[in-house]
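Input: a single structure, listed below in structure tokens.
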Amino acid sequence: MAEGAAASTAAIYRRLVAAQVRSQASYRASFVLDLLSNVVFLGADLLTVLVVFHRVPVLAGFSLTDTLLVFGLSSLGFSLADLAVGNIDRMQRHVRTGLLDAVLIRPLGVLWQLLVLDVGVRRLGRVCSGVVVLAVAVRLAEVPVTPANLLLLVVTPLAGAVFFSAVFVATATVAFWWVDSGELSAALTYGGRDFTSYPMTVYGGWFRHLLAFGLGFGFVAYYPALILLDRPDPLGAPSWLGWCSPVLAAVAAALAALVWRTGVRHYRSTGS
Amino acid sequence: MNANGRHGGVNVIEAHGLRKDFTVRVRKSLLRRERRVVAAVDGVDLTVQRGQLLGYLGPNGAGKSTTLKMLTGVLNPSGGRVSVCGLTPVPQRILLARRIGVVFGQRSQLWWDLPLRDSYELLRHIYRVPAAEHAARLRRCRDLLELDPFLDTPVRQLSLGQRMRGELTAALLHGPEVLFLDEPTIGLDVVSKQAVRGFLAELGESGDTTVVLTTHDLADIERLCRRIVVIDHGRVVHDGGIDALHARYGSQRRVTVDFDTLPPALPALPGVHLESTTGPRLTFTLDGSASVGTLVSALSALGGLRDLSVTEPEIEEVIARLYRSDEGRAPS
């Protein structure tokens with residue numbers, strides 16, 4: 001029974017996403033342009049990596065191809081999250097325009113409704129280019145094709161996507177208390193993405209520790225990439241850390257859910 | 001008192017001592033800020049019976065929308081008890097959502113970029129309404145609100161009046177027991193206003209759906225609401241019919257008479273005052289207790305009465321007086 005209800009709830013959300021795709025596709029020219037510009041965006045980030053390696057052949061112990069693998073894992077995870085929940089940073093606007101109220105009077109979960117009503121279909125371009133970059137990197141870095149590696153190549157971007165989604169949701173929720181929270185949100189999401197795009201050895205001391213372990217960004221791409229490249233961590237961490245990203249993603253998602261619930265409760269008691 | 005059940009219960013809405021406090025921060029100096037608690041809704045008691053059509057009135061900022069938000073489960077009350085359809089709105093939000101319909105005049109329930117028809121199809125799935133039931137209700141709304149000409153138009157291209165008719169339909173397709181309308185006729189053209197009013201009047205007459213309506217439009221009230229609750233500064237200052245409102249705020253009927261020649265002496269009747277004399281035209285104002293019949297027969301006995309008209313008090317005047325009054329509190 002519960003399974004049937006869950007399945008039909010999933011079907012409702014599928015319809016809502018489909019409606020969103022149709023909505024956004026109704027502005028045809030702008031839809032196509034957006035899709036393309038999102039491809040270009042990733043190209044610009046990629047160009048940065050290439051420029052750096054044009055000057056130095058090895059960066060903090062990692063070659064260009066190694067770095068590309070880290071970059072590919074990170075950007076695919078991030079672009080998936082951006083596609084699914086990236087628009088949640090409009091939270092403050094939803095409060096102001098009353099969308100949040102409109103969502104609260106429908107018999108569905110609040111967060112899920114906001115996510116599907118705002119899904120950034122146009123960001124699909126970034127996901128596609130993320131897949132391409134990762135595939136090229138896997139090839140160039142000559143990652144051995146083993147079942148374990150293939151599994152890791154699927155699990156890591158997905159866990160990364162969940163992790164980044166959690167960061168998006170948790171930081172956007174801050175808008176319930178603090179209107180100008182956009183900066184904090186951007187610092188953590190885009191900053192986090194940039195941090196995970198390069199091997200951690202690039203970064204120094206306390207900053208690395210804070211972001212890698214304190215906030216968990218080290219698990220998004222760096223440790224899994226070490227396993228795929230079959231090399232030990234120059235910083236001395238055990239290699240099994242590369243398999244921990246799903247656990248971390250689950251913890252982050254749980255924390256984000258908690259923050260979200262608190263935020264909605266706050267809204268319902270303060271009305272702002 | 002038990003207000004449970006779809007059919008048995010009498011009171012669909014029950015609120016006792018309902019309040020909502022907001023904390024506002026007031027800047028005192030550069031660094032010092034003071035927190036002040038403001039009661040947006042300050043102890044409202046309200047019971048609404050099944051099938052009633054209730055007008056909920058008040059000036060801007062009186063607490064109307066805040067009350068509606070507490071009744072629909074959007075906001076958590078700071079105090080008091082509230083039950084709608086036998087449910088407590090906030091903790092039972094999803095159960096309640098299936099049994100109420102809400103139209104916030106400022107906020108659309110429709111999908112902006114899709115044809116109107118698509119929104120209804122999506123809502124059918126969101127509310128899990130059986131296809132046949134949905135089709136029947138949609139058919140009825142299509143007829144009464146004349147939706148057919150724009151059913152396939154993207155919502156963003158609809159006029160405000162068309163959109164509001166669309167919103168009303170959207171709120172009714174799952175067969176809600178209570179319909180909450182926040183300013184449903186605001187900004188509409190005359191024709192759309194009439195269409196919406198006519199529809200609501202019919203909905204009210206059928207007696208199945210309880211309607212709570214906030215509005216600034218006094219014609220809405222006169223046309224639709226037999227019961228009016230006026231709220232000001234977060235408190236109920238009037239609860240009753242239009243007549244009671246008139247009586248309470250001393251609104252006056254006017255009798256205007258034209259004579260061939262002005263009579264030398266006028267009858268003195270209790271509660272009747274001569275307001276003005278312009279040529280052969282006299283205007284009298286009557287207090288609530290005075291009878292028009294008595295006045296008319298007294299005047300016609302004078303002879304030479306040519307024309308006569310009676311003007312009912314304008315609700316507008318009453319409400320304006322109510323809003324203007326210093327504290328807005330009812331005289332007791």
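No value in this document is a laboratory result; all are computed from the given coordinates. What you see is a predicted model, and the numbers here were worked out from it, not measured in a lab. Cβ placement follows ideal geometry from the backbone for every residue including glycine, while neighbour counts extend to all protein chains displayed.
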Of A:Ser239, A:Ser185, A:Ser197, the one that fluctuates the most in a GNM where chain A has Cα springs shorter than 10 Å: A:Ser239
Give the residues of segment A:226-251 whose amide nitrogen is closer than 11 Å to a point set 7 Å from the Cα of A:Phe213 in the direction of its Cβ. A:237-238
Dipole of segment B:1-133, positive end: most advanced residue of B:Asn60, B:Ser29, B:Cys85 [Cβ charges, Cα centre]: B:Ser29
Taking only the alpha-carbon positions of segment B:190-247 and ignoring solvent, what does the Debye formula give for the base-10 log of I(q)/I(0) at q = 0.13, 0.25, 0.26 Å⁻¹? -0.37, -1.11, -1.16
List the residues whose amide H sits under 5 Å from the amide H of B:Ile231, counting only those 5 or more places along or on another chain, with H placed 1.01 Å from N in the peptide plane. B:Leu57, B:Gly58, B:Val237
Note, segment A:90-106: 3J(HN,Hα) by Karplus (6.51, -1.76, 1.60, θ = phi - 60°), whole Hz, Gly/Pro = x, goes 8, 3, 4, 5, 4, 5, 5, 7, x, 4, 4, 5, 4, 6, 5, 9, 9
So A:Ala25 and A:Ala257, fully extended at 0.36 nm per residue minus their Cα-Cα distance, gain in nm 80.4 nm
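At a Förster radius of 60 Å, what calculated FRET efficiency corresponds to the Cβ-Cβ distance of A:Ser269 and A:Val136, to the nearest 0.05? Could you put the intermediate results ahead of the total?
Values: r = 51 Å, r/R0 = 0.85.
The pair A:Ser269/A:Val136 has a calculated efficiency of 0.75.
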Go through A:Ala252, A:Pro144, A:Val103 and say which Cα lies farthest out towards the positive end of the charge dipole of segment A:27-266; charges sit on Cβ, +1 for Lys and Arg, -1 for Asp and Glu. A:Val103
Two pseudo-spin positions, 7 Å from Cα along C-beta at B:Ser29 and at B:Asn60, lie apart in nanometres by 3.4 nm
If the only charges are +1 at each Lys and Arg Cβ and -1 at each Asp and Glu Cβ, what is the size of the charge dipole of chain B around the Cα centre, to the nearest 20 debye? 1680 debye
Choice from A:Val162, A:Val145, A:Val95 showing the highest fluctuation, given a GNM over chain A with Cα pairs closer than 10 Å: A:Val145
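In what order do B:Ile13, B:Ile100 fall by count of nearby beta-carbon atoms within 10 Å, going from fewest to most? Provide the component values of the computation, followed by the final result.
Numbers: B:Ile13 22, B:Ile100 25.
So the ranking, lowest neighbour count to highest, is B:Ile13, B:Ile100.
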In terms of the charge dipole of the protein assembly as shown, which places +1 on Lys and Arg and -1 on Asp and Glu at the beta carbon, the residue among A:Val40, A:Gln92, B:Ala97 farthest towards the positive end is A:Val40
What nm value, rounded to one decimal, do you get for the distance between B:Glu222 and A:Val32 when each label is placed 7 Å out toward the C-beta? 5.7 nm
GNM on chain B, Cα springs under 10 Å; top mean-square fluctuation among B:Leu57, B:Leu31, B:Leu110 goes to B:Leu31
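Calculated FRET efficiency, A:Trp178 and B:Leu302, Cβ-Cβ r, R0 56 Å, to nearest 0.05?
Values: r = 76 Å, r/R0 = 1.36.
So, using R0 = 56 Å, E works out to roughly 0.15.
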Between helix A:182-196 and chain A: long-axis angle, C-alpha atoms, 0 to 90°, nearest 10: 30 degrees
Can you spot the lysines whose alpha carbon is less than 21 Å from B:Lys20's alpha carbon? Ignore those fewer than 8 places along the same chain. B:Lys64, B:Lys69
Cα-based Kirkwood hydrodynamic radius, segment A:27-266, one decimal, Å: 18.6 Å
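So what is the orientation-averaged projected area of segment B:1-122, using the convex hull of its C-alpha atoms, in nm²?
Values: hull surface 44.1 nm².
Mean projected area of the Cα convex hull: 11.0 nm².
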10 Å Cβ neighbours from other chains, averaged over peptide B:108-114: 4
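Using a simple charge model, +1 on the beta-carbon of Lys and Arg, -1 on the beta-carbon of Asp and Glu, nothing else, what dipole does segment A:27-266 show about its Cα centre, in debye to the nearest 20? List each step's numbers first, then the result.
Working: 15 positive and 13 negative charges, 92 e Å.
That gives a dipole near 440 debye.
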Mean Cβ neighbour count within 10 Å, used as a protection proxy, ranking B:68-81, B:261-274, B:129-142, A:126-139 highest first: B:68-81, A:126-139, B:129-142, B:261-274
Taking a ≥ b ≥ c as the square roots of the eigenvalues of the Cα gyration tensor of segment A:119-236, is the shape rounded (a/c under 1.5), prolate (a/b larger than b/c) or oblate? oblate
Can you give the charge dipole size of the protein assembly as shown about its Cα centre, rounded to the nearest 20 debye, using +1 on the beta carbon of Lys and Arg and -1 on the beta carbon of Asp and Glu? 1160 debye
Taking square-rooted eigenvalues a ≥ b ≥ c of the alpha carbon gyration tensor, is segment A:43-124 rounded, prolate or oblate, where a/c under 1.5 means rounded and, failing that, a/b exceeding b/c means prolate? prolate
